[in-house]
Amino acid sequence: FQSWQILASPWRAFFKLLAVVLFLFAFGLLPWIDNFAHISGFISGLFLSFAFLPYISFGKFDMYRKRCQIIIFLLIFFGLFSGLVVLFYYYPIKCDWCEYLTCIPFTDKFCEKYDLDAQLH
């Protein structure tokens, strides 16, 4: 939101990006596409973009505020990353609705579990 003054119609650009994100999320509901990775990457990229994108400061207070913003978003990113590592590798949870986030079963065999070993060998 820092560069909205530069754009001629910022809401139009925002809704274009939102349409692309929603289309790609809907495309991710097909089998073999991992929406967990895409959603985590989107959220991580959002936090890291706030931390690492160049910024223009207008005075000492603005520079202090933006440096605090960088530290806060880096802490949020590392907290999210470490929480996801613990959640997926050390204490995995069983979630009944999580499979619907990766694949919506339009038919009976649309989201079957795939046996990769049998198909590759």
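When you scan the range 43-63, do you find a residue that is surrounded by 10 or more Cβ atoms within 10 Å (Cβ to Cβ), under 18 Å from the mean Cα position of the chain (by Cα) and not in a helix (DSSP H, G or I), even just one? Within the range 43-63, one or more residues are surrounded by 10 or more Cβ atoms within 10 Å (Cβ to Cβ), under 18 Å from the mean Cα position of the chain (by Cα) and not in a helix (DSSP H, G or I). Scanning the range 65-88 for residues being more than 14 Å from Phe36 (Cα to Cα) and open to solvent by 90 Å² or more (accessible area, probe 1.4 Å) gives a total of 6. Kindly establish whether Ile33 is at pLDDT below 85, in a loop (DSSP other than H, G, I, E, B), surrounded by 11 or more Cβ atoms within 10 Å (Cβ to Cβ) and not polar (S, T, N, Q). Answer is yes for this residue.
Count of the range 58-117 residues, restricted to those that are aliphatic (A, V, I, L, M), modelled with pLDDT under 85 and farther than 23 Å from Gly28 by Cα, is 1.
Here the range 82-91 is the region considered, the condition is being assigned to a helix (DSSP H, G or I) and farther than 14 Å from Phe42 by Cβ, and the residue that is farthest from the chain's Cα centre (by Cα) is Tyr90.
The values are calculated or read from the model by the stated rules, or taken from the named source; none is laboratory data. Model, not experiment: these values are computed from the prediction. Note that each Cβ is placed from the backbone with ideal geometry, even for glycine, and that neighbours are counted across all protein chains shown. To get the accessible areas, we keep the full protein, side chains included, count just its heavy atoms, and leave off ligands, DNA and RNA. Shrake-Rupley method; radii C 1.70, N 1.55, O 1.52, S 1.80 Å.
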